Each structure stands twice: as structure tokens, then as C-alpha cells.
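The values are calculated or read from the model by the stated rules, or taken from the named source; none is laboratory data. Since the structure is predicted, the reported quantities are computational estimates derived from the model, not experimental observations. Note: ideal-geometry Cβ built from the backbone for every residue, glycine included; neighbour counts use all protein chains shown. The protein model used for the area step is the full one, side chains on, heavy atoms only, and it has no ligands, DNA or RNA in it. Shrake-Rupley method; radii C 1.70, N 1.55, O 1.52, S 1.80 Å.
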Amino acid sequence: MTVAELITELQKLPGDALVVQSKDAEGNGFSPVDEVSVGRYEAESTWSGFGDDHDYPDAPVAVCVWPTN
């Protein structure tokens, strides 16, 4: 999902809705979003990857949503 796609989806929701993040793809638990950061992301596979500005300066820019727990 891109930032533009996320904005489009979020604009459909009430502005005071809580943002939560699933602990895993199966939905085995949820946590409120605590922080949003911008960095880099290099896909290692179709389901995970890694990256940061220092070690992967040419990787695409990515937004990360961090859970409280």
C-alpha cells in the first residue's frame, strides 16, 4: 500500500478513530499505533524485508507504523 492509498482509505473513516496494528497476518492480537517513522525498505521476499538510510541508501522510502506493544 502506498501513502496515497492509505490516505484515501483513512479519509473514509471518522477523524477520531483509534489506529491499531495487528500483531500478525492472522489477526491473533492488536496493538494501538504508537509511532510512525520514515526510512528505507528493501524487500527480502514477498512478505518481509529490511532497511535503513545508512546501510541501504538506494532502497525505496517507506513509512513504518510502530505498535505500542
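In region 25-40, the residue that is nearest to Thr2 (Cα to Cα) out of those that are of a type in the set (S, T, N, Q) and open to solvent by less than 70 Å² (accessible area, probe 1.4 Å) is Ser37. On the stretch given as region 8-24, residues that are open to solvent by 80 Å² or more (accessible area, probe 1.4 Å) and free of Cβ contacts under 8 Å to residues at least 12 places away in the same chain total 8. Just one residue in the set Asp24, Asp55, Asp16 is at pLDDT below 90 and over 13 Å from the mean Cα position of the chain (by Cα); that residue is Asp55.
Among all residues of region 46-69, there is at least one that is in contact with a helix residue (DSSP H, G or I) (Cβ under 9 Å, 6 or more places away or on another chain), outside any loop (DSSP other than H, G, I, E, B) and surrounded by 10 or more Cβ atoms within 10 Å (Cβ to Cβ). When you look at Ala43, is it touching a residue at least 12 places away in the same chain (Cβ under 8 Å) and surrounded by 11 or more Cβ atoms within 10 Å (Cβ to Cβ), yes or no? No; evaluated as a whole, the condition is false for this residue.
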